[in-house]
Amino acid sequence: QEENLVAIERPMVELATRYDVDGVQYDFIRYPNRQGCFCAKCRALFEKETGKPVATWPADVITGARHGEWVEFRCRRISALVERVSTRIRREAPKVKVSAAVFAEWPACRESVGQDWVTWCKKGWLDFVCPMNYTLRDEQFEENTKIHREALPAGFPLVEGIGIAAGPGRMEMPQQLALQIAVARRHGAAGFVGFCYQPRHTATLFEPLQGWLARR
């Protein structure tokens with residue numbers, strides 16, 4: 001556990017303290033999925049923290065009576081890393097902003113990947129958060145944005161991630177992008193970020209909107 005923490009902590013703190021950067025961002029700060037980790041070390045740590053052995057490993061934590069405890073255990077593992085790194089950056093590079101690209105499915109992402117990002121915001125470990133709200137379905141984008149805003153402390157900077165070319169597909173019309181930007185703003189987002197940048201494609205979306213964006 002300590003070796004894993006140091007392996008991630010060292011390069012992030014080095015970036016923040018040795019280079020003239022405005023900010024650093026956590027990405028992939030999560031488990032890959034629900035299926036892990038069930039190694040002997042994780043079992044021992046889980047049993048130590050909860051104070052009781054697991055009778056049938058890993059079935060009891062995957063779908064059995066200990067599943068809820070397991071979800072919280074995984075969230076604590078990831079949150080401990082965020083707290084540790086952010087605390088050092090706050091102390092050693094206080095002008096550097098700290099953010100995170102996080103799963104849009106709140107609160108389901110706590111269970112699916114151990115990512116309790118609302119707590120990170122409430123604890124002050126992030127300066128702003130960027131949910132990866134990548135969908136071509138405008139209704140889903142709006143629903144997610146509403147959930148994000150309501151889950152966060154009042155006024156906490158929310159920067160919605162818009163999937164201009166992501167897993168669900170590519171936006172083809174500037175109007176699609178403009179609509180999601182407007183939706184994010186209507187629900188109190190402090191800004192937006194597009195993923196992912198592809199020069200020609202990105203230009204076809206953003207160039208027609210430059211005047212509109214500059215006025216807002």
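Name every residue in the stretch 180-192 that is part of a helix (DSSP H, G or I) and in contact with a helix residue (DSSP H, G or I) (Cβ under 6 Å, 6 or more places away or on another chain), in order of residue number. Lay out the reasoning, then the answer.
Within the stretch 180-192, the first condition is being part of a helix (DSSP H, G or I), and the residues that meet it are 180-186.
Answer for the stretch 180-192, where residues must be part of a helix (DSSP H, G or I) and in contact with a helix residue (DSSP H, G or I) (Cβ under 6 Å, 6 or more places away or on another chain): 180, 183, 184.
Selection of the stretch 96-130 for residues being touching a Phe, Trp or Tyr at 6+ places or on another chain (Cβ under 8 Å) and closer than 18 Å to residue 24 by Cβ yields 97, 98, 99, 100, 101, 102, 115, 117, 121, 126, 128, 129. Within the set 172, 142, 150, the sole residue that is open to solvent by 70 Å² or more (accessible area, probe 1.4 Å) and either part of a helix (DSSP H, G or I) or closer than 30 Å to residue 93 by Cα (or both) turns out to be 150. In the set 14, 9, 83, 69, only one residue is under 23 Å from the mean Cα position of the chain (by Cα), under 22 Å from residue 123 (Cβ atoms) and free of Cβ contacts under 8 Å to residues at least 40 places away in the same chain; that residue is 69. Does residue 159 satisfy the criteria of being outside any helix (DSSP H, G or I), open to solvent by 40 Å² or more (accessible area, probe 1.4 Å), in contact (Cβ under 8 Å) with a residue 24 or more places away in the chain and among the β-branched types (Val, Ile, Thr)? Spelling it out, it is not the case that residue 159 is outside any helix (DSSP H, G or I), open to solvent by 40 Å² or more (accessible area, probe 1.4 Å), in contact (Cβ under 8 Å) with a residue 24 or more places away in the chain and among the β-branched types (Val, Ile, Thr).
If you check 54, 71, 21, 13 for being touching a Gly at 6+ places or on another chain (Cβ under 8 Å) and either outside any helix (DSSP H, G or I) or within 26 Å of residue 158 (Cα to Cα) (or both), only one passes: 71.
The values are calculated or read from the model by the stated rules, or taken from the named source; none is laboratory data. Not measured: the values here are computed from a predicted model. A quick note on method: Cβ atoms are made from the backbone with ideal geometry, for glycine too, and the neighbour counts reach across all protein chains shown. Heavy atoms of the whole protein, side chains included, go into the accessibility calculation; ligands, DNA and RNA do not. Shrake-Rupley method; radii C 1.70, N 1.55, O 1.52, S 1.80 Å.
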